[in-house]
Amino acid sequence: MVAASMYPGVDKIRTGMMQRRGELTLTSHEQSLLDGAGGEGARLAMSIIVRLARTTGAERLIEISSAHVDGCLYHGRASLDFVERLRTGGAQVAVPTTLNSSSLDLLHPNLYRGDKETARSARRLMDAYVALGCRPTWTCAPYQLASRPARGEHIGWAESNAVVFANSVLGARTNRHGDFVDICAGITGRVPYTGLHWDENRAGDVLYRVRQLPERLLHEDVFYHVLGHLIGLDVRDGIPVIEGLPATVSEDRLKAFGAAAASSGAVSLFHAVGRTTEAPTLDAAFHGRRPGREVDITTQQLAEARDSLTTSRSSRLAAVSLGTPHFSLQEFAQLVSLLDDIRIQPGIDFYVSTGRDVLAEVSARGWLSVCEAAGITIVVDTCTYITPILRATSGAVMTNSAKWAYYAPGNVGVEVIFGSMRECVESAAQGVVWRDPELWSGL
């Protein structure tokens, strides 16, 4: 791998984020919020946005059409104190603001296996965000909601997979905001005008071609998880451009790619030539410039990336976890088609994490009863790699998510087996790890 500092594109992004081109100028409305005209909560939020803008060299702030808050996951007392200070200061969000996965499944509270005091604090945190006027969506995939930003809209989103999807697939514009900044963006309706809000910072850095890979593999969901993991490790926080993906590539596959690349790397925007909104052509993806590097993805690289997502060499299976990022309606349709005459083996827990809006539609279509009859537990509002939900952690947990496989060992202390959705379902039905002999043929 090449160090990130050697990438011309990465230097370009950092320059765009940090370059000082002049003093920050505020509008009369922004200055009034900073002066306290909107109350102490709004003043605090604006002071943080202004400090961030000055740190990153922004000359002005920009209005946003929506915000998405990742800080609603309880990490300790500081996260709760901050939001309650905003609330007691009378703050309210100024733009539609959705909430990310939190620490509790409010529809299925019995799934939580942590201590009661943490659960009480987590619930207080969730309630505090709702009191600020945020919408209780509790999903890491706000782009699956009925209302989502359009191309060119400036937004203030947090959550890495949501950021990369919004920038890449929807063509909206957001930087990768951290906790506390996200809710401040929602309250002020502003973010610094820097980074990926600028046209010139959205050009690709490195070209990745997939022409050497087996054609069949390009039409498998699992391929996109592995490709994203591989490219994220290589490009770090640059902007990758992928050439050669099928014309039929779905949003779920682009979601999987982006989530993996934003986990193993810090990718906030990618271009798939002819497939994503800002890359109708290769030239458009690079804004008429030459790529900083050109990489032909090999079968060996892909196989190594796939294997690195598995940490357990045992065939003993304790659980299966799907839905990181949250399962979409289309993914449920695929899962239900795999469940025909299948029953999960006793002793193996099978979890699917999703958003409550998607769950409502799954239930309306009669799919929830199919999943439950097969032995599947549905998780909403949170995810199994961030919250103590897994009942058995001594055996390996199988997943089809590169993001889950990347984070779960460190977050919840489990060994991971990575595979396709079909391999996960068949393994749970057989009680041992099953592999599709045709899936990776040619590698």
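A few notes on this one:
- Cα-based Kirkwood hydrodynamic radius, the chain, one decimal, Å: 22.4 Å
- Estimated distance in nm for a label pair at Thr88 and Arg123, the labels positioned 7 Å out from Cα along Cα-to-Cβ: 2.2 nm
- Share of carbon and sulfur in the accessible heavy-atom surface of the chain [1.4 Å probe, %]: 49 percent
- Backbone N within region 199-238 under 19 Å of label point (7 Å from Ser337 Cα along the Cβ vector): 216-225
- Taken along the Cα-to-beta-carbon direction at a fixed 7 Å, the label points for Asn110 and His219 span 4.4 nm.
- Once the gyration tensor of the Cα atoms in region 133-256 is diagonalised, the equivalent ellipsoid follows with semi-axes of 28, 17, 12 Å, ordered largest first.
- Largest-first ordering by accessible area, 1.4 Å probe, given options Ser314, Ser394, Ser47, Ser103: Ser394, Ser314, Ser47, Ser103
- Accessible surface of Thr27 - all protein chains present, 1.4 Å probe, nearest 10 Å²: 70 Å²
- Exposure of His75 as accessible area (Å², to 10), given a probe of 1.4 Å and all protein chains: 130 Å²
- Based on Cα contacts under 8 Å between residues 6+ apart, the chain shows a relative contact order of 17 percent.
- Value of relative contact order over region 60-183, rounded to a whole percent, pairs C-alpha under 8 Å and six or more apart: 35 percent
- Tensor-based shape of region 23-172 (alpha-carbon gyration tensor, a/c under 1.5 rounded, otherwise prolate or oblate): oblate
- Highest average first, the peptides 355-362, 28-35, 395-402 ordered by how many other beta carbon atoms sit within 10 Å of their residues are 395-402, 355-362, 28-35.
- In the chain, the calculated helix contribution to ellipticity at 222 nm averages -11000 deg cm²/dmol per residue, counting -39,500 (n - 2.57) for every DSSP H run with n ≥ 4.
- Net length gained if the chain between Thr55 and Arg209 were fully extended (0.36 nm per residue, minus Cα distance): 51.8 nm
- Residues in region 289-378 average 46 Å² of solvent-accessible surface per residue, probe 1.4 Å, ligands and nucleic acids excluded.
- Centre separation in Å (Cα based) which lies between region 309-357 and region 160-185: 27 Å
- Separation in nanometres of the label points that stand 7 Å from Cα toward Cβ, at Ala303 and Ala373: 4.2 nm
- Solvent-accessible area per residue in region 25-143 equals 44 Å², computed with a 1.4 angstrom probe and all protein chains kept.
- Note on Ala146/Val432: beta-carbon distance plugged into 1/(1 + (r/R0)^6) with R0 of 56 Å gives a FRET efficiency of 0.85.
- Set against the 2.2 N^0.38 Å expectation for a compact globular protein, region 316-363 has a Cα radius of gyration ratio of 1.21.
- Gaussian network model of the chain, Cα within-10 Å springs - most flexible of Asp283, Asp340, Asp205: Asp340
- If a spin label sat at a point 7 angstrom from the Cα of His75 along the line to its beta carbon, the backbone N atoms of region 146-169 nearer than 19 Å would be those of 156-164.
- Over region 277-317, the alpha carbon radius of gyration divided by the compact-protein estimate 2.2 N^0.38 Å works out to 1.95.
The values are calculated or read from the model by the stated rules, or taken from the named source; none is laboratory data. Treat the numbers as computed from the prediction; the structure is a model and nothing was measured. As a convention, Cβ positions derive from the backbone with ideal geometry for all residues, glycine included, and neighbour counts pool all protein chains shown. Surface accessibility is based on the protein's heavy atoms, side chains included, excluding ligands, DNA and RNA. Shrake-Rupley method; radii C 1.70, N 1.55, O 1.52, S 1.80 Å.
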